[in-house]
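In what follows, a structure is listed as structure tokens, so that the remarks can point back to it.
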Amino acid sequence: MILTYTLENYLEAIFELIIERDTARLSDVATRLNVSKASANRAMQLLAAQDLVIAEKYKTIILTTKGQEYAKLTATKHHAIKHFFVEQLGINPDRAEIEACAIEHVVSEDTVNALNRYVLKHLHCKFK
């Protein structure tokens, strides 16, 4: 399955809202992504059509198992890249956030795993 970057961002926003608040509402997703409720609603329809979310009118948004796995992978990529940029390269956290958000969509899971191994190896060396 291939999702657009925009739909991946919606999944990631839903995932993070559920982690932070135990729930994700359409209005919260729209606010998080700075889009209209109509745009967020259309995205939920597209995600539901791919069996990634359950989004009934006036109810909280639920990630399906498949949606949760996809969202978790996207969020993991984002956080690994941002962490590397800030901690290893000294990039400003705000700039790192923007860059990580762009890169997370095109980098493979294998590359992120290699990045994580690199960071762990170098953190381990610092504490020897």
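Each value in this text was obtained by applying a stated rule to the coordinates, not by laboratory testing. The structure presented is a predicted model; accordingly, all values stated were derived computationally and were not measured. A quick note on method: Cβ atoms are made from the backbone with ideal geometry, for glycine too, and the neighbour counts reach across all protein chains shown.
Residues in segment 23-31: is at least one part of a helix (DSSP H, G or I) and within 16 Å of Ala71 (Cα to Cα)? Steps first, please.
First, pick out the residues of segment 23-31 that are part of a helix (DSSP H, G or I): 26-31.
Of the ones still in play, those that are also within 16 Å of Ala71 (Cα to Cα) are 29.
Yes, the conditions are met somewhere in segment 23-31.
Listed here are the residues, each with its yes/no results for (1) assigned to a loop (DSSP other than H, G, I, E, B); (2) in contact with a Cys (Cβ under 6 Å, 6 or more places away or on another chain); (3) surrounded by fewer than 16 Cβ atoms within 10 Å (Cβ to Cβ).
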site	(1), (2), (3)
Gly67	no, no, no
Tyr70	no, no, no
Ala75	no, no, no
Ala80	no, no, no
Ile91	yes, no, no
Arg95	no, no, yes
Ala100	no, no, no
Asn113	no, no, yes
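Mind checking which residues of segment 33-47 are in a helix (DSSP H, G or I), under 16 Å from the mean Cα position of the chain (by Cα) and more than 16 Å from Thr60 (Cα to Cα)?
To start, the set of residues in segment 33-47 that are in a helix (DSSP H, G or I) comprises 33, 37-47.
When the remaining residues are screened for being under 16 Å from the mean Cα position of the chain (by Cα), the result is 33, 40, 43-44, 47.
Scanning segment 33-47 gives a single hit, Leu33.
Given (1) in contact with a helix residue (DSSP H, G or I) (Cβ under 7 Å, 6 or more places away or on another chain); (2) surrounded by 13 or more Cβ atoms within 10 Å (Cβ to Cβ); (3) of a type in the set (Ser, Thr, Tyr), identify the lone condition not met by Thr31.
(1)
Anything in segment 60-84 that is under 18 Å from Glu99 (Cα atoms) and out of contact with any helix residue (DSSP H, G or I) (no Cβ under 6 Å at 6 or more places or on another chain)? List them, or say none.
Leu73, Thr76, His79, His83
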